[in-house]
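FYI, it's all coordinate maths here, none of it is from the lab. The structure displayed is predicted, hence computed values, not measured ones. All Cβ positions, glycine included, derive from the backbone under ideal geometry; neighbour counts span all protein chains shown.
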Amino acid sequence: MAYNFKEVEKKWQNKWENEGTFNAKNDYTLKKWYGLIEFPYPSGQGLHVGHPRSYTALDIIARKKRLEGYNVLYPIGFDAFGLPAENYAIKNNIHPSIVTEQNINHFREQLKSIGFSFDWSREINTTDPNYYKWTQWIFIQLFKHGLAYKTTMPINYCTSCKVGLANEEVVNGVCERCGGEVIQKEKSQWMLKITDYAERLINDLDDIDFLEKIKLQQKNWIGRSEGAEVKFKIDGTDENLLIYTTRPDTIFGASYMVVAPEHDIINKLKDKITNLDEVENYKLETAKKSDFERTELSKEKTGVEIKGIKAINPLTNEAIPIWISDYVLITYGTGAIMAVPAHDTRDYEFASKFNLPIKQVIKAKDKISEKKWDKVTRRSLSVRRTEFSYL
């Protein structure tokens, strides 16, 4: 007998919905289990394979937990705000609210036809005023406590979609959605000061039942490190280059400086820079790259010396050159680094290419290899200083 999926599956899906089979219960005597997926963004194309792939995995666990007697909350909602929806609405001359509602209805129909065990009685929509009034309330609280602030930062900007893109949405310098050229564009935007909670975020990972590799990913994403800020005076001016380093004991080996192409020191001292056109051209080329492309370890290093200005090493009083290079990001640290090529792989590759001085100032007592040493120097100050001595 042939399986009539349209008849059989629709019958049970209707029964589940009418009886609220998968709805969480208001019964506090039961064991509780909460499963949360990343809510889909309702684009006009409907579901893609990534949606059911991840939803199915958690759906299996949710069903298992119900059979084990848990009161399961497995909610669903739609992350429905976004400029792509507005662009789609403009292109098709339809109001964004109408397009969004149509897309959500289509997504809902698709999700129900698959048979996921979501609690549809608790469906949310981020464009619903009853929902986003609370996100606005949360933002106001963050602002009141100094945790929300406005600043100008570069973003990946699609010149066709006219929107900002995540690094993952930029493929080979173009927008993965439309193929338009992506450039780095500075925009005034709101930021949340999560760095104030870096210590707690990392320490509290010890209390979470995650795989160790996932905890490590979280720690790397938080990016907490211990170090020092050091000022390098720019010779003949009142300006300083502020750098952050986890190894201030290697300052003796700093043989040049590197600033991000977006660093404001270029505009401040443009009258002193004798090759400003060359520097500006390099900035334009860098603007076409995403942060992922710029920090790719295997890529060939590029850069331009900023002629006409030099930095003063605060410990040796030596005047050292300042370079501009795309491997330094304005969003990481201070947007400027002291380069210690004897003890950092990227600095070494850069110095080797442009024939810059390489000064080794630290050696390992146990005579570990230079390759192993480089891995050590990339860690935070938790490395024991007593293991090393100055040359």
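Numbers at a glance
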read-out	value
In sequence order, calculated HN-Hα J values of region 133-139 (Karplus, 6.51, -1.76, 1.60; Hz; x Gly/Pro)	4, 7, 5, 5, 4, 4, 4
Enclosed volume per residue, in Å³, of the convex hull spanned by Cα atoms of region 152-280	202
Rounded to 10°, Cα long-axis angle of helix 50-67 versus longest principal axis of the chain	60
Radius 14 Å from Cβ of Lys231, net charge of other residues (Lys, Arg +1; Asp, Glu -1)	-3
Rg in Å to one decimal, and Dmax rounded to a whole Å, for the chain via C-alpha atoms	27.0, 90
Relative contact order (percent, whole number), region 145-222, Cα cutoff 8 Å, 6+ residue spacing	31
For region 24-147, with +1 on Lys and Arg beta carbons and -1 on Asp and Glu, the positive-most of His48, Val72, Leu142 along the dipole	Val72
Environment charge of Ala351, counting only residues whose C-beta is closer than 13 Å and scoring Lys/Arg +1, Asp/Glu -1	0
Residues whose placed amide H lies under 5 Å from that of Phe78, excluding near-sequence neighbours	Ile124, Asn125, Thr126
Relative contact order of the chain, pairs being alpha-carbon contacts under 8 Å that are 6 or more residues apart, as %	12
Within the chain, helix-based [θ] at 222 nm, where runs of 4 or more DSSP H residues each add -39,500 (n - 2.57), nearest 500	-10000 deg cm²/dmol
Phi to ³J(HN,Hα) by Karplus 6.51 cos²θ - 1.76 cosθ + 1.60 over region 245-256, Hz, x for Gly, Pro	9, 8, 10, x, 6, 9, 4, 4, x, 6, 10, 6
Given Lys233/Lys270; Lys187/Lys310; Lys11/Lys65; Lys233/Lys268, the pairs whose alpha carbons are separated by over 18 Å	Lys187/Lys310; Lys11/Lys65
Residues whose placed amide H lies under 5 Å from that of Val163, excluding near-sequence neighbours	Cys158
Cα-Cα P(r), region 187-261, percent of pairs per 5 Å interval	3, 10, 16, 15, 15, 15, 13, 8, 4, 1, 1, 0
Amide H contacts under 5 Å for Ile322, placed H, 5+ residues apart	Met257, Ile306, Ala311
The chain: Cys lacking any partner C-beta under 4.7 angstrom	Cys178
Those lysines that a straight Cα-Cα span of less than 27 Å connects to Lys363, excepting residues fewer than 8 apart in one chain	Lys231, Lys301, Lys353, Lys371, Lys372, Lys375
Proxy reagent accessibility, fewest Cβ within 10 Å first, across Asp27, Asp79, Asp326	Asp27, Asp79, Asp326
Qualifying GluC sites (Glu not before Pro) for region 255-306 [loop in DSSP, other Cβ within 10 Å: at most 11]	Glu300
For region 51-152, the Rg and Dmax computed from alpha carbons only, in angstrom	17.7, 52
Förster radius 51 Å - calculated FRET efficiency between Asn18 and Ser225 (Cβ-Cβ, nearest 0.05)	0.40
Neighbour cut-off at most 14 other Cβ (10 Å), DSSP loop, chymotrypsin sites (Phe, Trp or Tyr not before Pro), region 169-249	Phe210
Region 5-139: relative contact order as a whole-number percent, Cα under 8 Å and 6+ apart	34
Note, ³J(HN,Hα) from phi for region 222-234, Karplus 6.51, -1.76, 1.60, rounded to Hz, x at Gly and Pro	4, x, 6, 8, 10, x, 9, 9, 10, 9, 10, 5, 8
